[in-house]
Amino acid sequence: MPLARTIVVVENESLLRDLIARSLESAGFSVSTAANAADAKRAVKAADPDVCVVDIELGSGPNGFDFADYLGREAPDVGVVFLTNLPDPRFADRDAKTVKQNQAYLRKSQMVDSKELVGAVNAVLKEEQVDDFRHDRSSKRPLASLSKRQLTVLKLVAEGLSNAQIAQARGTTVRAVEGMVSRIFQSLGVDSQSEGNARVEVTKLYLIASGAVAVEE
């Protein structure tokens, strides 16, 4: 009987980590888990996995992309499936090229059941049809119309910074920030006539898109 393929699940939420591990074990994989990037490095050395299933938001310290970068340097033959709330790498201040060829990217909110995760793992293992598991490329993902720079400014708006504070943080002028914020409002179809209300509305859109708050039923 062939040995089971080995997976390391890197997820900081304990309940979800256990659910993911059980789902993969039910599909016949041997699974180790880690709660953060440091634990994940130790797990990789101990288990020598075929694939890592990696959340991007791992709390304080290195994020999932940082860990994937480590794998690219130290264990490039290990496959990667990102499993995250974030619609795409821009939300972690990265660009589209961060997700490499033959790496999968799944949004937790878009998964109907665990079969899609198992499918992504198998696609990465076989290096076949991985593009079928790239939610970060979907034109229907939240805030897809914004550029990386616009999304960075929107994040600062969502954090409650004023235009003057954003200008200081980005080393630009208040006028430039005002223009950027106005274009963000326009791109998202938000009425900018009442800027206070508009900022509240786009903040809500950002928080929902990033998975920080649940979508209202």
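Beyond 21 Å, what share of the Cα-Cα pairs of the range 1-88 remains, rounded to the nearest whole percent?
Counting every Cα pair in the range 1-88, those more than 21 Å apart make up 22 percent.
Each Cα pair under 8 Å and six or more residues apart adds its separation to the average, and for the range 6-137 the resulting relative contact order is 21 percent.
Each Lys and Arg Cβ is given +1 and each Asp and Glu Cβ -1; about its Cα centre, the range 102-187 then shows a dipole of about 360 debye.
The Cα-based radius of gyration of the chain, divided by its Kirkwood radius, gives an Rg/Rh of 1.03. Report, to the nearest 10°, how far helix 64-74 tilts away from the longest principal axis of the Cα atoms in the chain, using its own Cα long axis and a range of 0 to 90°. Computed tilt is about 50 degrees. The C-alpha atoms of the chain define a longest principal axis, and helix 195-209 lies at about 10 degrees to it. Once you reduce the range 172-209 and the range 84-98 to the center of their Cα atoms, the two points are 21 Å from each other.
Stretching Asp77 away from Ala176 to a fully extended chain increases their span by 31.2 nm, per 0.36 nm per residue minus the current alpha-carbon distance. Using just its DSSP H runs of length 4 or more, each adding -39500 (n - 2.57), the chain gives a mean residue ellipticity at 222 nm of -13500 deg cm²/dmol after division by all residues.
Bear in mind these aren't lab numbers, they're just calculated from the coordinates by the rules spelled out. Worth saying up front: this structure is predicted, and the values here are computed from it rather than measured. All Cβ positions, glycine included, derive from the backbone under ideal geometry; neighbour counts span all protein chains shown.
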